[in-house]
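Heads up: the structure comes next, in C-alpha coordinates.
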Amino acid sequence: MRQGKLLSTNYEFFIKADTSRYKGEWIAIARNKIVAHGQDAEDVYKKAVKKAGDKDVSLAKVPHEQMLILKLFL
Amino acid sequence: MIVFKYKTEITSKKQKIIRPVAEVYLKSLTDSWIKFYPYIDSGADVTMIPLSLGKLLGFKIDESKIQQIGGIRGNVPVIFTQTYLKIGKEEFLTSLAWALIEDVPPLLGRTDVFDIFKVTFEQYKKVIIFEKYLEK
(Lines give C-alpha, C1' and ligand atoms only; values in the text may rest on other atoms or scores of the structure.)
Protein backbone atom coordinates (compact mmCIF):
# COMPACT_ATOMS: atom_id res chain seq x y z
CA MET A 1 0.00 0.00 0.00
CA ARG A 2 1.39 3.41 -0.95
CA GLN A 3 2.09 5.84 1.83
CA GLY A 4 3.77 8.62 -0.10
CA LYS A 5 5.35 10.91 2.47
CA LEU A 6 2.42 10.81 4.86
CA LEU A 7 4.36 9.03 7.57
CA SER A 8 7.79 10.01 8.81
CA THR A 9 10.87 7.85 9.01
CA ASN A 10 10.76 8.44 12.78
CA TYR A 11 7.43 6.61 12.83
CA GLU A 12 8.87 3.64 11.00
CA PHE A 13 11.79 3.67 13.43
CA PHE A 14 9.46 3.75 16.44
CA ILE A 15 7.37 0.86 15.15
CA LYS A 16 10.43 -1.34 14.76
CA ALA A 17 12.49 -0.17 17.72
CA ASP A 18 12.88 -2.14 20.91
CA THR A 19 11.76 0.47 23.44
CA SER A 20 11.44 -1.93 26.39
CA ARG A 21 14.18 -0.22 28.38
CA TYR A 22 12.14 3.00 28.44
CA LYS A 23 8.93 1.59 30.00
CA GLY A 24 6.85 4.33 31.58
CA GLU A 25 8.97 7.06 30.00
CA TRP A 26 8.61 9.55 27.19
CA ILE A 27 11.06 9.19 24.36
CA ALA A 28 11.92 11.68 21.64
CA ILE A 29 12.98 10.41 18.25
CA ALA A 30 14.88 12.42 15.67
CA ARG A 31 16.71 11.30 12.55
CA ASN A 32 15.83 7.69 13.29
CA LYS A 33 17.23 7.45 16.77
CA ILE A 34 16.15 8.08 20.34
CA VAL A 35 17.71 11.39 21.30
CA ALA A 36 16.12 12.01 24.70
CA HIS A 37 14.01 10.21 27.29
CA GLY A 38 12.52 10.87 30.69
CA GLN A 39 9.36 11.21 32.77
CA ASP A 40 8.20 14.60 31.46
CA ALA A 41 7.17 15.18 27.84
CA GLU A 42 8.04 18.87 27.94
CA ASP A 43 11.58 18.29 29.23
CA VAL A 44 12.18 15.44 26.81
CA TYR A 45 10.90 17.43 23.84
CA LYS A 46 13.00 20.49 24.70
CA LYS A 47 16.14 18.38 25.13
CA ALA A 48 15.49 16.74 21.77
CA VAL A 49 14.91 20.05 19.99
CA LYS A 50 18.19 21.34 21.42
CA LYS A 51 19.98 18.32 20.00
CA ALA A 52 18.15 17.90 16.71
CA GLY A 53 16.27 21.08 15.89
CA ASP A 54 12.50 21.36 15.88
CA LYS A 55 11.77 20.07 12.39
CA ASP A 56 12.09 16.38 12.98
CA VAL A 57 11.32 15.53 16.59
CA SER A 58 8.65 12.97 17.43
CA LEU A 59 7.36 12.11 20.89
CA ALA A 60 6.12 8.76 22.15
CA LYS A 61 5.25 7.38 25.53
CA VAL A 62 6.40 3.83 26.15
CA PRO A 63 3.67 2.12 28.13
CA HIS A 64 4.08 0.15 31.29
CA GLU A 65 3.96 -3.54 30.66
CA GLN A 66 0.45 -4.15 31.90
CA MET A 67 -1.24 -1.34 30.00
CA LEU A 68 -4.66 -2.53 29.02
CA ILE A 69 -7.21 0.05 28.00
CA LEU A 70 -10.52 -1.55 27.22
CA LYS A 71 -12.52 1.62 27.18
CA LEU A 72 -12.56 5.22 28.22
CA PHE A 73 -15.97 6.71 28.68
CA LEU A 74 -17.24 10.21 29.25
CA MET B 1 -5.46 6.67 2.71
CA ILE B 2 -3.01 6.31 5.56
CA VAL B 3 -1.79 2.94 6.73
CA PHE B 4 -0.62 2.85 10.32
CA LYS B 5 1.05 -0.13 11.90
CA TYR B 6 1.04 -2.24 15.01
CA LYS B 7 4.07 -2.06 17.25
CA THR B 8 5.29 -5.26 18.84
CA GLU B 9 6.19 -4.88 22.47
CA ILE B 10 7.85 -7.53 24.62
CA THR B 11 6.88 -8.13 28.25
CA SER B 12 9.36 -9.14 30.94
CA LYS B 13 7.97 -12.66 30.55
CA LYS B 14 9.05 -12.50 26.91
CA GLN B 15 5.47 -12.42 25.66
CA LYS B 16 4.71 -10.38 22.56
CA ILE B 17 1.91 -7.81 22.58
CA ILE B 18 1.02 -5.86 19.47
CA ARG B 19 -0.56 -2.42 19.77
CA PRO B 20 -1.91 -0.08 17.06
CA VAL B 21 0.04 3.18 16.82
CA ALA B 22 -0.74 6.35 14.84
CA GLU B 23 1.38 9.31 13.86
CA VAL B 24 -0.46 12.55 14.57
CA TYR B 25 0.29 16.20 15.14
CA LEU B 26 -1.24 18.42 17.83
CA LYS B 27 -1.16 22.18 17.56
CA SER B 28 0.25 24.01 20.57
CA LEU B 29 -1.03 27.32 21.85
CA THR B 30 2.04 28.90 20.22
CA ASP B 31 0.95 27.49 16.85
CA SER B 32 3.68 24.90 16.53
CA TRP B 33 2.91 21.30 15.63
CA ILE B 34 3.99 18.56 18.03
CA LYS B 35 4.32 15.17 16.39
CA PHE B 36 3.57 12.18 18.58
CA TYR B 37 2.54 8.55 18.50
CA PRO B 38 -0.66 7.71 20.39
CA TYR B 39 -2.26 4.28 20.57
CA ILE B 40 -5.35 4.00 18.42
CA ASP B 41 -8.18 3.08 20.78
CA SER B 42 -11.59 2.44 19.30
CA GLY B 43 -12.87 1.93 22.84
CA ALA B 44 -11.96 5.45 23.90
CA ASP B 45 -14.73 8.00 23.46
CA VAL B 46 -12.24 10.80 23.13
CA THR B 47 -8.55 11.42 22.48
CA MET B 48 -6.58 11.65 25.71
CA ILE B 49 -3.12 12.98 26.47
CA PRO B 50 -1.07 12.81 29.69
CA LEU B 51 -0.32 15.80 31.91
CA SER B 52 3.13 16.72 30.64
CA LEU B 53 2.15 16.61 26.96
CA GLY B 54 -0.66 19.07 27.70
CA LYS B 55 1.85 21.36 29.41
CA LEU B 56 4.09 21.12 26.36
CA LEU B 57 1.10 22.25 24.27
CA GLY B 58 0.75 25.26 26.55
CA PHE B 59 -2.40 24.22 28.43
CA LYS B 60 -2.94 25.69 31.89
CA ILE B 61 -4.82 23.99 34.72
CA ASP B 62 -8.11 25.68 35.60
CA GLU B 63 -9.35 23.87 38.70
CA SER B 64 -12.97 24.87 38.03
CA LYS B 65 -12.87 22.82 34.83
CA ILE B 66 -11.58 19.54 36.27
CA GLN B 67 -13.85 16.56 35.67
CA GLN B 68 -13.56 12.86 36.36
CA ILE B 69 -13.88 10.38 33.52
CA GLY B 70 -13.97 6.66 33.81
CA GLY B 71 -11.45 4.19 32.50
CA ILE B 72 -10.79 0.56 33.09
CA ARG B 73 -8.33 1.48 35.86
CA GLY B 74 -10.69 3.83 37.64
CA ASN B 75 -11.44 7.52 37.39
CA VAL B 76 -9.01 9.94 35.79
CA PRO B 77 -9.12 13.72 36.46
CA VAL B 78 -9.22 15.56 33.14
CA ILE B 79 -9.87 18.94 31.61
CA PHE B 80 -11.74 18.91 28.33
CA THR B 81 -10.34 21.24 25.74
CA GLN B 82 -10.04 21.56 22.00
CA THR B 83 -7.09 21.81 19.69
CA TYR B 84 -6.17 21.17 16.10
CA LEU B 85 -5.13 17.66 15.20
CA LYS B 86 -3.44 16.66 11.98
CA ILE B 87 -3.48 13.15 10.57
CA GLY B 88 -1.74 12.85 7.24
CA LYS B 89 -2.80 15.95 5.35
CA GLU B 90 -6.08 16.27 7.21
CA GLU B 91 -6.22 19.05 9.80
CA PHE B 92 -9.27 19.47 12.03
CA LEU B 93 -10.44 20.78 15.38
CA THR B 94 -10.93 18.03 17.91
CA SER B 95 -12.09 17.57 21.47
CA LEU B 96 -9.36 16.40 23.77
CA ALA B 97 -9.27 15.06 27.31
CA TRP B 98 -6.16 16.39 29.02
CA ALA B 99 -5.42 13.97 31.85
CA LEU B 100 -4.06 15.65 34.94
CA ILE B 101 -1.96 12.62 35.75
CA GLU B 102 1.06 11.29 33.94
CA ASP B 103 0.39 7.59 34.25
CA VAL B 104 -1.99 7.22 31.32
CA PRO B 105 -1.10 6.31 27.76
CA PRO B 106 -1.78 8.84 25.00
CA LEU B 107 -4.85 7.58 23.17
CA LEU B 108 -6.37 8.47 19.83
CA GLY B 109 -10.10 8.10 20.52
CA ARG B 110 -13.21 8.11 18.34
CA THR B 111 -14.65 11.60 18.75
CA ASP B 112 -14.02 13.67 15.59
CA VAL B 113 -11.36 11.24 14.33
CA PHE B 114 -13.73 8.39 13.51
CA ASP B 115 -16.24 10.91 12.07
CA ILE B 116 -13.68 11.98 9.48
CA PHE B 117 -11.94 8.70 8.80
CA LYS B 118 -13.20 5.20 8.18
CA VAL B 119 -10.87 3.24 10.44
CA THR B 120 -10.25 -0.41 9.69
CA PHE B 121 -8.18 -2.58 12.00
CA GLU B 122 -6.50 -5.42 10.15
CA GLN B 123 -4.64 -6.99 13.00
CA TYR B 124 -3.81 -10.09 11.01
CA LYS B 125 -1.84 -7.86 8.63
CA LYS B 126 -0.65 -5.65 11.48
CA VAL B 127 -2.08 -2.52 9.86
CA ILE B 128 -4.78 0.04 10.62
CA ILE B 129 -6.20 1.82 7.60
CA PHE B 130 -7.50 5.39 7.82
CA GLU B 131 -9.62 6.39 4.80
CA LYS B 132 -11.18 9.81 4.67
CA TYR B 133 -14.94 9.76 4.19
CA LEU B 134 -16.02 11.52 1.05
CA GLU B 135 -17.76 14.80 1.77
CA LYS B 136 -21.47 14.83 1.03
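The values are calculated or read from the model by the stated rules, or taken from the named source; none is laboratory data. Predicted model, so just to flag it, every value in this text is computed and none were measured. Because the Cβ atoms are built from the backbone with ideal geometry, glycine has one as well, and the counts that use them run over all protein chains shown.
Which residues, counting only those in the stretch B:14-28, are charged (D, E, K, R) and more than 9 Å from chain A (Cβ to nearest Cβ)?
Passing the criteria: B:Lys14, B:Lys16, B:Lys27.
Quick check on the stretch B:59-82. Is at least one of its residues under 27 Å from A:Thr9 (Cβ atoms), in contact (Cβ under 8 Å) with a residue 24 or more places away in the chain and buried (at least 17 other Cβ atoms within 10 Å of the Cβ)?
The answer is no; no qualifying residue exists.
Can you find, within the stretch B:90-113, the residue that is surrounded by the most Cβ atoms within 10 Å (Cβ to Cβ) among those that are of a type in the set (Gly, Ala, Ser) and assigned to a strand (DSSP E or B)?
The extreme case among them is B:Ala97.
Across the stretch A:6-48, which residue is surrounded by the most Cβ atoms within 10 Å (Cβ to Cβ) among those that are in a helix (DSSP H, G or I) and more than 10 Å from chain B (Cβ to nearest Cβ)?
So the residue we want is A:Ala48.
Could you list all residues from the stretch A:29-74 that are aliphatic (A, V, I, L, M) and modelled with pLDDT under 85?
A:Met67, A:Leu68, A:Ile69, A:Leu70, A:Leu72, A:Leu74, listed by residue number.
Confirm whether B:Ser42 is part of a loop (DSSP other than H, G, I, E, B) and in contact (Cβ under 8 Å) with a residue 60 or more places away in the chain.
For B:Ser42, the condition - part of a loop (DSSP other than H, G, I, E, B) and in contact (Cβ under 8 Å) with a residue 60 or more places away in the chain - is met.
In this structure, is B:Leu26 within 14 Å of the chain's Cα centre (by Cα) and either at pLDDT below 95 or crowded, with 21+ Cβ neighbours inside 10 Å (or both)?
Criteria met by B:Leu26.
Filter the stretch B:29-49 for residues that are in contact with a Gly (Cβ under 7 Å, 6 or more places away or on another chain), more than 7 Å from chain A (Cβ to nearest Cβ) and more than 20 Å from A:Val57 (Cα to Cα) and give the result.
B:Thr47 - this is the single residue of the stretch B:29-49 that is in contact with a Gly (Cβ under 7 Å, 6 or more places away or on another chain), more than 7 Å from chain A (Cβ to nearest Cβ) and more than 20 Å from A:Val57 (Cα to Cα).
May I ask you to list the residues in the stretch B:1-13 that are closer than 16 Å to A:Leu59 by Cβ and either small (Gly, Ala, Ser) or more than 9 Å from chain A (Cβ to nearest Cβ) (or both)?
Matches in the stretch B:1-13: none.
Yes or no: the stretch B:120-134 includes at least one residue that is in contact with a Pro (Cβ under 6 Å, 6 or more places away or on another chain), part of a strand (DSSP E or B), under 26 Å from B:Tyr6 (Cα atoms) and not polar (S, T, N, Q).
Yes, the stretch B:120-134 contains a residue that is in contact with a Pro (Cβ under 6 Å, 6 or more places away or on another chain), part of a strand (DSSP E or B), under 26 Å from B:Tyr6 (Cα atoms) and not polar (S, T, N, Q).
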